[in-house]
1. For the range 238-259, give me each residue that is modelled with pLDDT under 95 and surrounded by fewer than 19 Cβ atoms within 10 Å (Cβ to Cβ).
2. Let me spell it out: the conditions are (1) at pLDDT 95 or above; (2) assigned to a helix (DSSP H, G or I); (3) within 16 Å of the chain's Cα centre (by Cα), and residue 124 meets all of them except one. Which number is the exception?
3. Report the residue count in the range 70-92 for those that are in contact with a strand residue (DSSP E or B) (Cβ under 8 Å, 6 or more places away or on another chain) and in a loop (DSSP other than H, G, I, E, B).
4. Yes or no: the range 144-152 includes at least one residue that is touching a residue at least 60 places away in the same chain (Cβ under 8 Å) and surrounded by fewer than 20 Cβ atoms within 10 Å (Cβ to Cβ).
5. Kindly check whether there is at least one residue in the range 83-99 that is under 25 Å from residue 115 (Cβ atoms) and out of contact with any helix residue (DSSP H, G or I) (no Cβ under 6 Å at 6 or more places or on another chain).
6. Quick one: is residue 131 in a loop (DSSP other than H, G, I, E, B), over 16 Å from residue 216 (Cβ atoms) and modelled with pLDDT of 95 or more?
7. Could you list, ordered by first residue, the pairs with Cβ atoms under 8 Å in which the first is in the range 72-87 and on the phi < 0 side of the Ramachandran plot and touching a residue at least 24 places away in the same chain (Cβ under 8 Å) and the second is part of a loop (DSSP other than H, G, I, E, B) and surrounded by fewer than 16 Cβ atoms within 10 Å (Cβ to Cβ), at least 6 apart or interchain?
8. Can you name the residue in the range 1-21 that is out of contact with any strand residue (DSSP E or B) (no Cβ under 7 Å at 6 or more places or on another chain) and in contact (Cβ under 8 Å) with a residue 12 or more places away in the chain and is also surrounded by the most Cβ atoms within 10 Å (Cβ to Cβ) among such residues?
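The values are calculated or read from the model by the stated rules, or taken from the named source; none is laboratory data. Note that the structure is a prediction, hence the values are computed from the model and not measured. Cβ sites come from the backbone with ideal geometry, for glycine too, and all protein chains shown count toward neighbours.
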């Protein structure tokens, strides 16, 4: 449950480190589930997701493993993203009893070479009219400094959208926004880091001997429609908490009730191709 002090902190800083949302035992089970999922996927396709712009942070060759829409790969993750311990906090931050999924991504930063993320806002990837979008990063293992934990610029969301460089993945100039200048959010397994999609954030290389394993969930108020129809995903529009009072106003075209994006059409046709391209973008 979100306390008033936590909400006040979020409103001032644009992020909230919620400690112990899930137990260490639960986090360990999700970590195993995550690594088994990535292993299954690697057997049939590439799951590499390192940004081209990561080269601006380090000259070392790095790696980042990922999977979109994990709820379609594991029932455990389907239960996780609708867990009230997560969605109740999200609802309090968003300011609505209704919480809608935009997308989710599982990330594994491999040991000693886990890819960094240059500083950026998530807003350029999928702008929304009312800026209700928030991220929740669930930590499945500890994320100390040496693992390349998330770093944030407190209060930066108050400045609204900042001009980004598009090439290599939307990011901010490293000369103006060096990763190591931002506040590190070291976390324990089971912690969840919430932040606005306008909060400037990034992360450094995982130089430790262990992988860093997280699940990123992007959520919004269902009454906040996208400004641009982009970064589509199979699960977009799924209600994680409450109901959709708009009956589909903020869901992608073709995915609204009665639309053409049926389950049998997800992998093919122009929409499938477009989604494949958009889903390759990390945040």
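1. Those that are modelled with pLDDT under 95 and surrounded by fewer than 19 Cβ atoms within 10 Å (Cβ to Cβ): 246, 247, 248, 249, 253, 254, 256, 257, 258, 259.
2. So residue 124 meets the others, but not (1).
3. 3
4. Yes: the range 144-152 contains one or more residues that are touching a residue at least 60 places away in the same chain (Cβ under 8 Å) and surrounded by fewer than 20 Cβ atoms within 10 Å (Cβ to Cβ).
5. The answer is no, given that none of the residues of the range 83-99 is under 25 Å from residue 115 (Cβ atoms) and out of contact with any helix residue (DSSP H, G or I) (no Cβ under 6 Å at 6 or more places or on another chain).
6. In short, yes.
7. Qualifying pairs under 8 Å: none.
8. Filtering the range 1-21 for residues that are out of contact with any strand residue (DSSP E or B) (no Cβ under 7 Å at 6 or more places or on another chain) and in contact (Cβ under 8 Å) with a residue 12 or more places away in the chain, the one surrounded by the most Cβ atoms within 10 Å (Cβ to Cβ) comes out as 13.
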